[in-house]
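Novice: Once you've had a glance at the structure underneath, I'll fire off some questions.
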Amino acid sequence: MRGKLTRRRFLATTAASTALIAMPYVRGSHAAGRLSIVLWDHWVPGANNTSKMLVEEWAAREKVEVQIDYVNNQGNKLLLTTGAEAQAQSGHDVIALATWLPSDHANQLEPVDDIMEPLIKQNGALNATVEYLGKSQGHWIAVPATIGSQIKGPCSRIDLMKQYAGIDVQAMYPAGAPPKAENWTLEAFLKAAEACHKGGFPFGIGLGTTADSVDTAGAIFHSFGATLVDAKGNITVKSDPVRQALEYYTKLAKFFPPDAPAWDDASNNKWLISGRGALIMNPPSAWAVAKRDAPQVAEQCWTHGMAAGPKGRFAPFIPYFWGIWSFGKNKEAAKSLLVHLSQPAAVEKLVAASGGYDLPSFANLTTFKTWAEEGPPKGTLYHYPNPYNHQILSIAGAPAPPKIAVQIYIQGVMTKMTVRHLQGEPMERTLAWAENEVEGFLRT
Amino acid sequence: MAVGGPSKSHGIAKRRAMADAVIGHVTDAGRARRRRFGLRSAMRRKSMTAFLMTSPLIVLIALLVVYPAVYSVNLATLNRSMEHFVGFGNFLFLFNRETFWMVVRQSCIFALTAVLFKAIFGFVVAHFVHNIPAKGQRKWRGMLLVPWVIPPAMSCLAWLWLFDPSYSAFNWVFEKFGIGPIPWTGDAMWARFSVILVNVWIGAPFFMIMYLAALKSVPEQLFEAAAVDGANFWQRTWYVTLPMMRNIIAITALFSLIVTFANFDIVRILTAGGPIDLTHVFATWAFRVGIEVGDIPLGASVSLFMVPILTVAAILILRDINRRGNEA
């Protein structure tokens, strides 16, 4: 009885064994491991919810347990977090990197060529500034992030520019149509600045050492072809383009508010929102706050392209990146997530959540309906993402090697040169000072 | 034998007694040694107890102060990418930089001016408070300490709004009297004035409370004797009060000098070192170079440059205090 194998029992055992062997692998809820990421803590209320939703959507699909930490820029928190993790060789897997940080930590970032090439094929080319900042020794070391990336072009008051400078910014940059900005040159910009200054509404451009001031100075210098250090690392301070740029910017700065050398990144926003200025150089954050706090100002704001100089029309572009630490524990999952966040559908959601503030760096992703529809006035952001590529997106300090350029940028050498010259220092002395400063940046 | 017997036995007994005495002595010494080195006796000794009680703090200081200090010395000897040892290379580099010497000069101006004014205001206010009747004195002391107890980051933000380049509350008031607008943080001279003013506002109460304590410890008889001798207020202050407070003044000034030299928050919040770097001090410049620019070894070198300056100041002041202590 005990050893007897019946036919029925044989069939049942065989069936059970077969089923067990053939049973598919059922993954646990977090079978693909864990991933920790740092994202830039967005200032737009609710924008973090969209990024969280996108990450969670990916995590559920890929069975990865994700921890998101949102870190803001207040008190350089993101910079310090990045520095601390780089020093400790420990921390998150993916980290949001502000403009210059990929090159600062190039040796500790995982190359991402394998995901960047398909993304470029899918989403379109990237401008030279993104390549300059996101590549090291020919390899992509970070993925350009939509969250936080911005163009700091002019945001003008429609009424004041019309009244005092005789410029119709809406006609120059019509919503839904290509720009008609042939006459929008740096000379026209200077005349407009003078006229608005006379009218009691000076352009609100700072001359401090924070990003907004430096970005504007950088774009002006590029418009004259002026660089302090060339791509090979040679000092080019004492050159004619630099002299021309400095002379022009000093002339322009005479029409800025007298306390512009003390301005920080909040000063220009306050200047526009309080209704005291006709133009600032900023992404549409000031306009967005004005919508809430000063709607009568907001409905007169129009974000548009930069004026053209002798060497072209340059606009300051400040991209953010997502990098994967080489000491990260789940690099494959990290790459998969970054691909997911760079899909057009995801990018469109991020742009919409930020009210049009965030800019993707890929050429094919600059025509989302958010920019066309945001208002008031409707279409105010249409030209913000540079949809017709009529501006060259640049960063102050380029094309110097990034390790040198970051020092030119952070130390605000160009704005300091302008303030010194503005305060009466002879140009050659200012150039000698700048040359001495830049010499110090060449140390390795 | 009979004669020799008792004598011999006596000698043996004597030797035994001596041996016993020696052994007894050795035993006593052993006991004493055991007593001296035993845990219980060790615990009984005040110095050992004090050491044990302070050891957690010593360990904490070693971890939080000594280790970072040694680490920063190590950092200061590396190149920018922190891959090679460069010895004093970073310091030699700094010595050739115009901006660095400007920061040294500004740090000295900032610290010395601020400490001087803090000492003067503290001294004057301490006298006022000292002369308030004891009943209401506590209230005044509490109120006058408020700037010192508020977290500096908070009070500096309030000052920033008062000095705001475009919307300064001070300028708004001055405008009513036809004065200004004053570029509080936009002009080098005013910006330096502003950061020193805020430092004095925050730090003067510390001087005040220290001087008040010192004033209270000056024997009243000395003032009475001086009054009998016909000394006026200034003579009493010069010949009695100041000599009696000298040590407290010196120690307070030294302590404040160290803290003011290393100040970061006031300058960082009010001017961030601007305009055109004319208010940078060691700490803000070290932060700019080390953290913002990413040159950590150079930042460490800038901050370490404070050490010899403060060491010289500390040696001079403490030597003076010791000398006076010995004279006394």
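Derivation of every value follows stated rules applied to the coordinates shown; laboratory data play no part. Here the structure is a predicted model, which is why all the values come from computation and not from measurement. Every residue, glycine as well, gets a Cβ built from its backbone with ideal geometry; the counts of neighbours run over all protein chains shown.
Novice: On a full-extension model of 0.36 nm per residue, what is the gain between residue B:47 and residue B:225, subtracting their alpha-carbon distance, rounded to one decimal in nm?
Specialist: Once the chain is fully extended between residue B:47 and residue B:225, it gains 59.8 nm.
Novice: Based on C-alpha coordinates, I'd like the Rg and Dmax of the stretch B:88-167, in Å.
Specialist: For the stretch B:88-167, the Cα-based Rg and Dmax read 19.5, 61 Å.
Novice: With equal scatterers on the alpha carbons only and no solvent term, can you work out the Debye log10 of I(q)/I(0) for chain A at 0.13, 0.14 1/Å?
Specialist: -1.16, -1.32
Novice: Can you give the direction-averaged projected area of the convex hull of the alpha-carbon atoms in chain B, in nm²?
Specialist: Across all orientations, chain B yields a mean hull projection of 34.2 nm².
Novice: Among A:90, A:441, B:199, whose Cα lies farthest out toward the positive end of the dipole of the protein assembly as shown, if unit charges sit on the beta carbon of Lys, Arg (+1) and Asp, Glu (-1)?
Specialist: Working it through, the farthest residue towards the positive pole turns out to be A:90.
Novice: Averaged over its residues, how many other protein chain Cβ atoms are within 10 Å of peptide B:159-168's Cβ atoms?
Specialist: Per residue, the average neighbour count from other chains is 4.
Novice: Something else about it: Given the options A:145, B:86, A:118, identify the residue whose Cα lies farthest towards the positive end of the charge dipole of the protein assembly as shown (+1 on Cβ of Lys, Arg; -1 on Cβ of Asp, Glu).
Specialist: B:86
Novice: Measure off 7 Å from each Cα along the Cα-to-Cβ vector at residue B:246 and residue A:114, then give the distance between these two points in nanometres to one decimal.
Specialist: The answer from the label model is 7.6 nm.
Novice: Please compute the modelled spin-label separation between residue B:73 and residue A:76, points set 7 Å along Cα→Cβ, answer in nm with one decimal.
Specialist: 2.5
Novice: Ok, one more. Rg/Rh for the protein assembly as shown: what does it come to with C-alpha atoms and Rh from Kirkwood?
Specialist: 1.15
Novice: Then there's this: Please find, in a Gaussian network model of chain A (springs between Cα atoms separated by less than 10 Å), the residue of A:328, A:46, A:305 whose mean-square fluctuation is greatest.
Specialist: Answer for the Gaussian network model of chain A: A:46.
Novice: A further question on this structure: Taking the Cα centre as origin and putting +1 on Lys and Arg beta-carbons and -1 on Asp and Glu beta-carbons, what dipole magnitude results for chain A, to the nearest 20 debye?
Specialist: 1600
Novice: A follow-up question, please. Could you tell me what percent of the DSSP beta bridges with both partners in chain A are antiparallel, to the nearest 5?
Specialist: So the antiparallel bridges amount to about 60 percent of the total.
Novice: What do you get for Rg/Rh over the stretch A:168-319 if you use C-alpha atoms and the Kirkwood form of Rh?
Specialist: My calculation puts Rg/Rh at 0.97.
Novice: In addition: Per DSSP helix of 4 or more residues, -39500 (n - 2.57); summed, then divided by the residues of chain B. What does that give at 222 nm, rounded to the nearest 500?
Specialist: -24500 deg cm²/dmol
Novice: Also, quick follow-up: Helix A:7-22 sits at what angle to the longest principal axis of chain A, using alpha carbons and giving 0 to 90 degrees rounded to 10?
Specialist: 20
Novice: Please find, in a Gaussian network model of chain A (springs between Cα atoms separated by less than 10 Å), the residue of A:33, A:309, A:208 whose mean-square fluctuation is greatest.
Specialist: Looking only at A:33, A:309, A:208, the biggest GNM fluctuation is shown by A:33.
Novice: In nm, what is the difference between 0.36 nm times the number of residues separating residue A:276 and residue A:423 and their Cα-Cα distance?
Specialist: Result: 50.5 nm gained on full extension.
Novice: Let me ask something else about it. What average count of beta carbons from other chains do you get within 10 Å of the Cβ of residues in B:270-281?
Specialist: Mean shielding count: 5.
Novice: Another one. Cβ neighbours within 10 Å, averaged per peptide: list A:219-230, A:167-178, B:223-234 in order, most packed at the top.
Specialist: Descending mean neighbour count gives A:219-230, A:167-178, B:223-234.
Novice: Using the Kyte-Doolittle scale, find the helices of chain B whose mean hydropathy is at least -1.0 and whose Cα atoms extend 18 Å or more along the helix's long axis, counting only whole DSSP H runs.
Specialist: Sorted by number, the helices that extend far enough and score high enough are B:4-37, B:46-61, B:98-131, B:134-149, B:188-217, B:242-261, B:306-327.
Novice: So who's got an amide H within less than 5 Å of the one on residue A:204, skipping anything under 5 residues away but keeping other chains? H placed 1.01 Å off N, in plane.
Specialist: A:278, A:279, A:280
Novice: Explain nothing, just compute: Karplus ³J(HN,Hα) = 6.51 cos²θ - 1.76 cosθ + 1.60, θ = phi - 60°, for every residue of the stretch A:212-228 in order, whole Hz, x for Gly and Pro.
Specialist: Result, rounded to whole Hz: 4, 5, 5, 4, 5, 4, x, 5, 5, 4, 4, 4, 9, x, 8, 10, 8.
Novice: Further question on the same structure: Taking θ as phi - 60°, what are the ³J(HN,Hα) couplings along the stretch A:422-439 by the Karplus curve (6.51, -1.76, 1.60), each to the nearest whole Hz, with x for Gly and Pro?
Specialist: 4, 7, x, 6, x, 4, 5, 5, 4, 5, 5, 4, 5, 4, 5, 4, 5, 3
Novice: Describe numerically, in nm with one decimal, the distance between label points set 7 Å from Cα along Cα→Cβ at residue B:101 and at residue A:131.
Specialist: Modelled inter-label distance: 4.4 nm.
Novice: What FRET efficiency comes out for residue A:311 versus residue B:193 if R0 is 45 angstrom and r is the Cβ-Cβ distance? Round to the nearest 0.05.
Specialist: It comes to 0.60.
Novice: Also, I was wondering about something else. Order these peptides, A:183-196, B:292-305, B:73-86, by their mean beta-carbon neighbour count within 10 angstrom, highest first.
Specialist: B:292-305, A:183-196, B:73-86
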